[in-house]
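S.K.: The structure's right below; bear with me while I get my questions together.
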Amino acid sequence: MRAGRWMLVVWLVIGGLAAGQRHYYAHFNGSCSSFATIGLTMISGPLNYIGLNPTAYCKVPQPSK
C-alpha cells in the first residue's frame, strides 16, 4: 500500500513539473479553463512526455444584468 501512495505522489509531481514547463502557472488568470487545464495536466502525469496534451474549455454562466 505504501508503494502505491509514493507512486501516486511521484505521478502528480511529474504532472506538476509538466504544467510548469508549459508555463501554465505563469499565465494563470484564474479562469475555469486555466484551472481545469492545470488539473488535467497534473493528473495525466508522465503521459505528458509521450505526447498527451490535455486542455479544457469551460464556460461559467455570467450573471444577468
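What follows is calculated from the coordinates using simple rules that are stated; it is not laboratory data. Every value quoted in this text rests on a predicted model; they were computed, and no experiment measured them. A quick note on method: Cβ atoms are made from the backbone with ideal geometry, for glycine too, and the neighbour counts reach across all protein chains shown.
S.K.: Any chance you could tell me what percent of the C-alpha pair distances in the stretch 2-50 go past 16 Å?
M.R.: Details: 445 of 1176 pairs.
Here the long-distance tail beyond 16 Å is 38 percent of all Cα pairs in the stretch 2-50.
S.K.: Calculate one ³J(HN,Hα) per residue across the stretch 34-41 by plugging θ = phi - 60° into the Karplus curve 6.51 cos²θ - 1.76 cosθ + 1.60, and present them in order as whole Hz with x for glycine and proline.
M.R.: 5, 4, 5, 5, 4, x, 5, 5
S.K.: Sticking with the crude label model, points 7 Å out along Cα→Cβ, report the distance from residue 31 to residue 62 in nm, one decimal please.
M.R.: 1.3
S.K.: Continuing with the same structure: With runs of 4+ DSSP H residues as the only contributors, calculate the mean residue ellipticity of the chain at 222 nm using -39,500 (n - 2.57) per run, divided by the residue total and rounded to the nearest 500. Let's see the in-between values first.
M.R.: Details: 2 runs with 33 residues, N = 65.
After summing the helix terms and dividing by the residues of the chain, the value is -17000 deg cm²/dmol.
S.K.: Here's another thing I want to ask about it. For residue 2 and residue 43, FRET efficiency with R0 = 22 Å and r from the beta-carbon atoms, rounded to 0.05?
M.R.: Approximately 0.55, to the nearest 0.05.
S.K.: Angle between the Cα long axis of helix 2-21 and the longest principal axis of the chain, 0 to 90 degrees, nearest 10?
M.R.: 50
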